[in-house]
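A short write-up of the structure that comes next.
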Amino acid sequence: FIFLYAKSQEQKAVTTFYRQTIVPAEKEEKINTSGGDLLFLIENKLSTLALDEGDIAFLEISSSENELSAETALSKISPSAPAYLLRSLEDYMFGILRQNTNSFFILMKTDSFETGFSGMLTWEKSIAKEIGHLFFDTASSTPTQFEDTVVKNKDSRVIRNARRETLLIYAFLDKKTILIAGNNKVFNNILNRYFNSKLVQ
């Protein structure tokens, strides 16, 4: 009798861990601002990043090796954003969601609802002009003024075009979390992910 023993090799699953973000992301993309203007770099990611349908990419914004704070990153893309709003931010997330096309969104954590609310109302005066092109086609859409609306039972502020289509929307998901998105579909997706992730926690 001859016995043959084969040494089996266990296949190890490779898992990549990203830092905890405000909503879970399937992918992490690094953007180093030493490589150029942050707005341009984000636009480039929006137009070139390959994502599976329904996936989110977290954009990690850094300068050299250090991740930028919320205050620094947001002031780079929107210099007119109120300084007192930016100083109140404890965390932020620039993200891209793939839904037919790549869509940009911003999540911010503020330490004060009152400061966040007041700051967003002030930012309304310049946000569409400075970063509107990250959310909608500014060449073919003429935005109106912000107005009140309700989306998914959330009091929201929205800019629409002449056809009443949403171009830019923001709301407080809770007392400390602000979501800015380009349309209701993206807004609903991120809102659902946010509350689902809180249930898991």
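Across the range 119-150, the qualifying residues are those that are in contact with a helix residue (DSSP H, G or I) (Cβ under 6 Å, 6 or more places away or on another chain) and free of Cβ contacts under 8 Å to residues at least 40 places away in the same chain, and the one among them that is least open to solvent (accessible area, probe 1.4 Å) is G119.
Looking across the range 119-176, the residues that are charged (D, E, K, R) and in contact with a Phe, Trp or Tyr (Cβ under 6 Å, 6 or more places away or on another chain) come down to E124, R157, K175.
The values are calculated or read from the model by the stated rules, or taken from the named source; none is laboratory data. Predicted model, so just to flag it, every value in this text is computed and none were measured. Glycine gets a Cβ as well: all are built from the backbone with ideal geometry, and neighbour counts include every protein chain shown. What goes into the accessible areas is simple: the full protein's heavy atoms, side chains included, and nothing from ligands, DNA or RNA. Shrake-Rupley method; radii C 1.70, N 1.55, O 1.52, S 1.80 Å.
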